[in-house]
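Take a look at the structure set out below.
The values are calculated or read from the model by the stated rules, or taken from the named source; none is laboratory data. Fair warning: this is a prediction, and the values are worked out from it, not measured in the lab. Every residue, glycine among them, receives a Cβ derived from its backbone with ideal geometry; neighbour counts consider all protein chains shown. Side chains included, ligands, DNA and RNA excluded: accessible areas come from the protein's heavy atoms. Shrake-Rupley method; radii C 1.70, N 1.55, O 1.52, S 1.80 Å.
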2 protein chains.
Amino acid sequence: MTQPPPDSALRDRRILLVEDDPTVAEVARNYLRSAGFLVDEVTDGFQTIDSVTAVRPDLVVLDRKLPGIDGTEVCRRLRTFTDVPVLMLTALSATEDRIDGLESGADDYLTKPFSPRELVLRVRSILKRTVDESTPEAPFALGPFRLDASARKVSRGGDPLELSAREFDLLAFFLKHPNQVFDRETLLRSVWGWEVGDLSTITVTVRRLREKIEGDPSHATFLTTVWGAGYRFDVEEADAESAAEGVR
Amino acid sequence: MTQPPPDSALRDRRILLVEDDPTVAEVARNYLRSAGFLVDEVTDGFQTIDSVTAVRPDLVVLDRKLPGIDGTEVCRRLRTFTDVPVLMLTALSATEDRIDGLESGADDYLTKPFSPRELVLRVRSILKRTVDESTPEAPFALGPFRLDASARKVSRGGDPLELSAREFDLLAFFLKHPNQVFDRETLLRSVWGWEVGDLSTITVTVRRLREKIEGDPSHATFLTTVWGAGYRFDVEEADAESAAEGVR
DNA sequence: CCGCTTTGTCCGCGTTTCGTAAGGATTCGA
DNA sequence: TCGAATCCTTACGAAACGCGGACAAAGCGG
């Protein structure tokens, strides 16, 4: 857990830093550069739009409070013509603010004062996501289930399952981590990507998922409830072994 | 009842405590230990680097003011070869200081004098973020028992045991620390995560646990009472040995 | 622009859990 | 053997927990 091989796949990625406070900008720039990223800098919203069009960065780090147009508005406008990931910086940690940020189309969110280390970690994690999506994962089977992550298809016993996006993500997560209990908070972070949120969201999605993958949803045999701890995807040990091959 | 839930997934994580003031170190060590962490200690920067390399702790608690090289510098150097989370301790609460600390790569920050309880909370929260999808704990056997902590499953002689959350946590604790006496207060802190509380809580939970794991609960052979001292989980040395293999 | 689906939130209900208290049993020392 | 300290046992009830149903907002495709 402690030793992250400097991800060569992530090196030399181009990052556009939008920040009007010179001090903050300097710190962020230095850290991102020493993490191996190429950093461009602008200080207001209009330059941002221009720069994104011209330079096509791999990610935008966007201050929420900007001279001229607001960060959320910038983000919204970016979204009209590009899918470039946006990491939003904000002074406030209020939930409302966070919601606003994500609503405007940001991919992640960081509250000031932030640790530059955290910034780098987040940037890496976002980029990794987008990289991972482009590198196809090999399909694998576990128990009666077969997951083709890159095609976003799952089947049970040969019959394809019709899952919604969230249901698919959740099932995929469990298939990749069988026989392990996850509490709702962890699921919220790992599958939803939220740092905080209503835990009943998980309860409900689990229920909906069960209705589609379990014979009798009220007596789950795969996605079981572990009282007071969370949920676990149960699979025979033998199956789990053979499945683990596929994961690696 | 009043305290945070004991987090079995975080238990037994290795923490390196870097602090030159023996008084502070002692308090911190005791609290971290009774929260279920394994604590190593060093008192200066060079030892820190060495120890991190050698022991690979899961987290470093680092005093900012150290003899020899300064804490921020130590942190910076750590960052050149590892991403181990760092929690920085400092005497000053000045914002500038905080910024410095975070810039050097610390994950969080705690100003002295701090409450040991706060320390434990911070440590937990940092680990929780980083642990998440990390490697699940390997299952192991001890005597007739088999514990799979990440699946939250235990069995005795092959038969799965149906335990409640608390019962599981308690048994897991004893399985990880066999042939060792624990008084009720320690159990309350380590398993329940409480600083204060009614000790009869343990008595009752032990009794409930015994009913499920002992052939004859009133003549316990595994979870035995040590009069005037606490409880101990008895297992043949030979079994304990073989069990230790599994742990490694 | 309008339906349909997805998805998050809320509420009420039944179940399980777990702390607490109180009385009985056991151990230990004198 | 007696008394005090310690531990066991039992029972109760509040609180926690998970579940299903329903609803509304947002997203999506036509």
Which ³J(HN,Hα) values, rounded to whole Hz and listed in residue order, are derived for segment A:12-20 from phi using the Karplus coefficients 6.51, -1.76 and 1.60 in 6.51 cos²θ - 1.76 cosθ + 1.60 with θ = phi - 60°, glycine and proline given as x?
6, 6, 9, 10, 9, 9, 10, 7, 8
Integer Hz, Karplus 6.51/-1.76/1.60 couplings in order for segment B:145-152, x for Gly and Pro
8, 10, 10, 10, 5, 6, 8, 6
For segment A:119-227, with every protein chain kept in place, what is the accessible area per residue (1.4 Å probe, Å²)?
51 Å²
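Of A:176/B:176; B:153/B:176; B:65/B:128, which ones are farther than 18 Å apart at the Cα?
Working: A:176/B:176 27 Å; B:153/B:176 14 Å; B:65/B:128 27 Å.
Those over the limit are A:176/B:176; B:65/B:128.
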Given Cα pairs under 8 Å that are at least 6 residues apart, what percent is the relative contact order of segment B:140-247?
32 percent
In nm, spacing of pseudo-spin labels at residue A:38 and residue B:81 (7 Å Cα→C-beta vector):
3.2 nm
Report the A-B buried area as the accessible area lost on both sides summed, probe 1.4 Å, in Å² to the nearest 100.
2300 Å²
Give me, ordered by chain and number, the residues 5 or more places off residue B:15 or on other chains with an amide H under 5 Å from its own placed amide H.
B:38, B:39, B:40, B:58
Determine how large the accessible area of residue B:128 is when every protein chain is in place; take a 1.4 Å probe and give Å² rounded to the nearest 10.
40 Å²
Quick one: Karplus J couplings for segment A:201-218, per residue in order, coefficients 6.51, -1.76, 1.60, θ = phi - 60°, nearest Hz, x for Gly and Pro?
4, 5, 3, 5, 5, 4, 4, 5, 5, 4, 4, 9, 10, 9, x, 10, x, 7
Over the whole of B:80-90, what's the average partner chain Cβ count within 10 Å per residue? Rounded to a whole number, please.
2
Shielding by partners - mean other protein chain Cβ count within 10 Å, residues of A:116-124
3
Length gain on complete extension for the stretch residue A:73 to residue A:162, per 0.36 nm per residue less the alpha carbon to alpha carbon distance?
28.5 nm
For residue B:164, tell me the accessible area in Å² from a 1.4 Å probe, rounded to the nearest 10.
50 Å²
Residues with amide H under 5 Å of residue A:137's amide H, sequence separation 5 or more or different chain, H placed in the peptide plane at 1.01 Å from N; which?
A:150
With all protein chains present, how much of the accessible area of segment A:140-247 (probe radius 1.4 Å) comes from carbon and sulfur, to the nearest whole percent?
48 percent
Loop sites in segment B:124-211: GluC sites (Glu not before Pro), DSSP, at most 16 other Cβ within 10 Å
B:133, B:162, B:195
Amide H neighbours of residue B:145 under 5 Å, at least 5 residues apart or on other chains, H built in the peptide plane: list them.
B:157
Could you put B:156, A:208, B:13 in order of accessible surface area, largest first, with the 1.4 Å probe and the full protein assembly present?
A:208, B:156, B:13
Let me confirm one metric for peptide A:64-77, namely the mean number of other chain beta-carbon atoms within 10 Å of its residues' beta-carbons.
0
Cβ-vector label at 7 Å, residue B:79, separations to other copies in nm:
3.2
Taking each label point as 7 Å beyond Cα in the direction of the beta carbon, state the distances from residue B:117 to the same residue in the other copies, shortest first, in nm.
2.7
